[in-house]
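One structure is given below, encoded as structure tokens.
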Amino acid sequence: MKVAAHANTAASINDLLDLGINTIEHGSELYNDGTGNTRLLRKFAREHADKTWVPTLAAYYTIYNNAPSPEGKARWDACEASFRKALQLGMENIACGGDTGVFAHGDNVLELILMRRLGASWARVLSWATYGGWKCLRGMEWENEQGVARRNAIAEGGYPGLVKSGFRLDSDVALERGVPYGVIRPGWAADIIAVEGKLDGSVEEFEEALTKGIKLVMKGGRIFRQDGQNLAE
């Protein structure tokens, strides 16, 4: 099983990476830890590229904006500085997600919007929210050479362990560990959204498309929203 750690300070994150933790949630002091150097960020991005940073920008942003305080402002500033510096260093092992309890379910698109506002390209943001998210969550059986072989076999329809049904829509468990997702390929979960708008335009156009332009939502091959209307509860 993979292990996620919630951590902020540079010292704790450094130890967690050395211990083999798979994902770091938060990490606001990856760069802005008082030293002003990029040592830890470079270590995370290069020496531990197989691990994932989930920056939870939306959580910091929401906490500060809902109840402004010097402490909240300092934490948001640290988070923003760390994310911007990670982009400058070309860090790619990032995923969208994390603590979402501080804002309403359904508003998690804010994470993508903030990433875009802070300088990430639209393509990088969408990759972190799709395939990057699966890489962060997938079981260890999908890693290394074994995982590559398994993914190739599934694309060719020849992997014996593939869950043929893909999803159990009649149960509370919607996601099967045996089915990859995040990319539109044969054998992968048919999780697809259709967006009306300009995702590859300006930051404002990106935000407009994601907040107002979601026209279709398909999960596991089943349509839940079409033409802006909910079809399934």
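Taken together, the values in this text are just the output of simple stated rules run on the coordinates, not laboratory data. Everything numeric here is computed off the predicted structure, so don't read it as measured data. Note that we place each Cβ from the backbone using ideal geometry, even for glycine, and neighbour counts take in every protein chain shown.
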Stretched out fully, how many nm does the piece from Glu205 to Arg42 gain, at 0.36 nm a residue minus the Cα gap? 55.5 nm
Computed [θ] at 222 nm, deg cm²/dmol, the chain (DSSP H ≥ 4; -39,500 (n - 2.57); rounded to nearest 500): -11000 deg cm²/dmol
Determine the dipole magnitude for the chain: charges of +1 sit on the beta-carbon of Lys and Arg, -1 on that of Asp and Glu, nothing else is charged, the reference point is the Cα centre, and the result goes in debye to the nearest 20. 440 debye
Rounded to the nearest 0.05, what FRET efficiency do Val109 and Arg222 have when you use their Cβ-Cβ distance and R0 = 22 Å? 0.55
Contour minus Cα-Cα distance for Asn144 and Leu19 (0.36 nm per residue): 43.1 nm
With the charge dipole of segment 4-133 built from beta-carbon charges (+1 for Lys and Arg, -1 for Asp and Glu) about the Cα centre, the Cα from Tyr61, Leu110, Ala81 projecting farthest to the positive end belongs to Ala81
Inter-label distance for Asp77 and Ile192, nm, one decimal - labels placed 7 Å from Cα along Cα-to-Cβ: 4.7 nm
What net charge is computed for the residues neighbouring Ser202, neighbours being all others with C-beta under 14 Å from the C-beta of Ser202, Lys and Arg scored +1, Asp and Glu -1? -2
Neighbour net charge for His26 - beta-carbon separation under 11 angstrom, K R +1, D E -1: -2
Built amide H within the under 5 Å cut-off of Thr56, gap 5+: His26, Gly97
Under a Cβ-Cβ cut-off of 15 Å, what is the net charge of the residues other than Thr211 that fall near it, where Lys and Arg count +1 and Asp and Glu count -1? -1
Given that just one value was derived from the coordinates, which of (1) 54; (2) 46; (3) 61 is percent of Cα pairs over 23 Å apart? (1)
Given 0.36 nm per residue, what is the gain on full extension from Asp50 to Tyr131 after removing their alpha carbon distance, in nm? 27.8 nm
Identify all aspartates and glutamates with a Cα-Cα distance to Lys219 below 15 Å; exclude those on the same chain that are fewer than 8 residues away in sequence. Asp170, Asp172, Glu176, Asp191, Glu233
Inter-probe distance in nm under a simple model that places probes 7 Å from Cα toward Cβ, at Val183 and Glu156: 1.5 nm
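Where both partners of a DSSP beta bridge lie in the chain, what percent of those bridges are antiparallel, to the nearest 5?
Numbers: 10 of 18 bridges.
Beta bridges within the chain, antiparallel portion: roughly 55 percent.
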Near Lys215, which lysines are there with a Cα under 17 Å away, not counting those fewer than 8 places off in the same chain? Lys198
